[in-house]
Structures are given as C-alpha cells and as structure tokens.
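Some notes on the structure that comes next.
The values are calculated or read from the model by the stated rules, or taken from the named source; none is laboratory data. Bear in mind that the values here come from a model prediction, so they are computed numbers and not experimental data. Note that each Cβ is placed from the backbone with ideal geometry, even for glycine, and that neighbours are counted across all protein chains shown.
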Amino acid sequence: MSSQLFPDIDTYKTHFIKVSDIHTIYVEESGNPDGKPIIYLHGGPGGHTSPKGRKFFDPEFYRIIQFDQRGAGLSTPHCCLEENTTEDLINDMEVIRKQLDIKEWILFGGSWGTTLALHYAISHPNHVKAMILRGIFLGRKTDIDWLFQEGASSFYPDKWQDFIDEIPVSEQDNLVSAYYKRFTSHDPLIKLSAARAWANWEGGIVSLIDKPTPAPTAESDRDALAIASIECHYFKHHNFVDDDHYILNNVDKISDIPCLMVHGRYDVDCRFENAWLLHKALPKSTLKIAQDAGHSTFEPTITKTLLQFTEQAKELF
C-alpha cells in the first residue's frame, strides 16, 4: 500500500451557487467529467477546499467534487454565522447534487467532514453510494468538552495554557461560550486575537509529532477567523441538533451503506472511541486503526489507508 498521492490536477469547472438570500457556495469539479462522483467534505466547520485534497482520488476514474461550506474559503459572505447550521449544509449538498445532475455519490470526509457526511447520509441515504471517513467526530457534548474544556488539555498543557490565557479566569468554566462572546464582538482586534488562539490550539494538536506554530500571515488570519468563529458557532449551539446522540441514534437509516473508516490510535482531537462506537453500530463498516497516527489526514498511515479506500471503493460501481 503506497502513500503516494495522485499527481496535481486542475479543476475543469468551478461554480458559485446561490443557496440563500445571504449565502453563495463555491464548488469545483476535477478529474473525469464522466467519472464516478465523489464529494470531499472539508473539516472545521469553517475549513476550506484544497488542491491537495483532489490527490486522494484517481482522476481517470472519479469525478471529484469539492465545495467550501457556508462562510468558509471562497464561499461568501466570509465568516457569516447567519443561516449557517448543519441542516443548511445538508441542504447545500442537495443543491449541489441536483445542479450537477448526480444520482448518488461517495462521501469522503475527515473530522467535521465525517459529522456532515453522517448527517447527510441519515437525511438522504438513497443518494449515498458509500462513505470514506477519517478521524470520526460524533459531535456529542462530551466530544466538544473533551476538546475545548477538559480532556485534550491534559495531553498538551503547554498549548492549552495559551488557549485559556485568552479568556479571563472568571469565564473559563465555559470556554466555548467565552470564545463565542469574542467572535460575536464588534471589535475586529478582539475577534482576531481569539481566532488565532483558537486556531493555534486546535491546529497544534492534530499531528502525532508536534510541529511549531507558524507566524501569522494575512492568509492564515483569514483562515483562522473562519475556522474559529464558525466552529465555535456550531459547538456553542450543539451542532444545531436537539439529540446529543443524534448520529448513533439514527444509524439504522444508514446500516446498508458501506462505510470505510480510518482513525489514528493517538488522535487527541477526536477520540478513537468515536470511530469504535460507530463501527460497532454499522454492520457494513470497515475500521482501520492507524497505530502510529494522530488526527491529521496527512499522517503517513492515514494517507495510505485513504488511498487504499478510494481504490477499494471503485469495486462498488
């Protein structure tokens, strides 16, 4: 099994799709226009598409679809929290599917991308051929608290200190709410400082081998504002679902969908328990444990496994 990604390719078509009075979604297509459709669901929420993301797929076989979720990347307006919910993103995917004349597609996602994939599949199982998921995030309160209140903090106390230093001690009993207050401030300097702290914390714990935090740039600040403010918006509102165990309580709706999963044994961002519980609940799932990996897509073993999965999924057509 090789970790060699497919060569760089350009898009053959891009779209800006108006999905509401407020939001316009950026969508791109690459690979084979007549190929089997696969959609890449980026993380965050608040991440964005990347040319490197196309390289997990054989461009001769797959019609590769990527899009920037509401408020992220090239979608507009940037960082907009209004009309930005899980249900909105599911509906956007349906708009994309219908506009691109796709009957069913494979869902490929990591981290928050797994959450969105699972929510979409539960809502529209007849349009999902299979799922390829990396770093499962079930979106439960315990998963959010682990990452942003207490849990992951014990593995990275040095990085955690920088994260909590942004917030007065009197507000540290609910850090998501405290950060949300700052992301909804009218002061751009307060927003930016909080965004850098949030993005540095989460970005600093995704790889098994620690990497130094890069100096901020205009581009990284723009990305940090999106991922930090939109993530916090979703997590403050419990991903806009009333049932804290919504995914696990609705797996019967997706039990016939093949699901290929890989999760790093030492994933501190999204605990391995998430993948294990989902695997146990889905009879047609495969779970590969990356024994030498954390959370990142580009941990070598995770990259190898995802490439194996996209090749294996060809047999489903």
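Listed by first and then second residue, the pairs with beta-carbon distance under 8 Å, at least 6 apart or on different chains, first residue in segment 234-256 and under 26 Å from N174 (Cβ atoms), second among the basic types (K, R), are H238/K141; D244/R140; D244/K141; H245/R140. Taken across segment 282-297, residues that are under 15 Å from H119 (Cα atoms), assigned by TED's automatic domain parsing to the domain that holds V128 and surrounded by fewer than 23 Cβ atoms within 10 Å (Cβ to Cβ) do occur, with at least one present. Looking across segment 287-303 at every residue that is in contact with a Lys or Arg (Cβ under 9 Å, 6 or more places away or on another chain) and assigned to a helix (DSSP H, G or I), the one that is farthest from L133 (Cα to Cα) is identified as T301.
Rundown of residues vs (1) of a type in the set (A, V, I, L, M, F, W, C); (2) touching a strand residue (DSSP E or B) at 6+ places or on another chain (Cβ under 7 Å); (3) more than 22 Å from E94 (Cβ to Cβ); (4) in the same structural domain as A293 (by TED's automatic domain parsing), yes/no style:
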| residue | (1), (2), (3), (4) |
| --- | --- |
| T114 | no, yes, no, yes |
| H119 | no, no, no, yes |
| H124 | no, no, no, yes |
| A130 | yes, yes, no, yes |
| L133 | yes, yes, no, yes |
| L147 | yes, no, yes, no |
| G151 | no, no, yes, no |
| Y156 | no, no, yes, no |
| W160 | yes, no, yes, no |
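The single condition among (1) β-branched (V, I, T); (2) touching a residue at least 60 places away in the same chain (Cβ under 8 Å); (3) surrounded by fewer than 20 Cβ atoms within 10 Å (Cβ to Cβ); (4) in a helix (DSSP H, G or I) that T115 does not satisfy is (3).
May I ask you to say which residue of N239, N174 is modelled with pLDDT of 95 or more and surrounded by fewer than 19 Cβ atoms within 10 Å (Cβ to Cβ)? So the residue among N239, N174 that is modelled with pLDDT of 95 or more and surrounded by fewer than 19 Cβ atoms within 10 Å (Cβ to Cβ) is N174.
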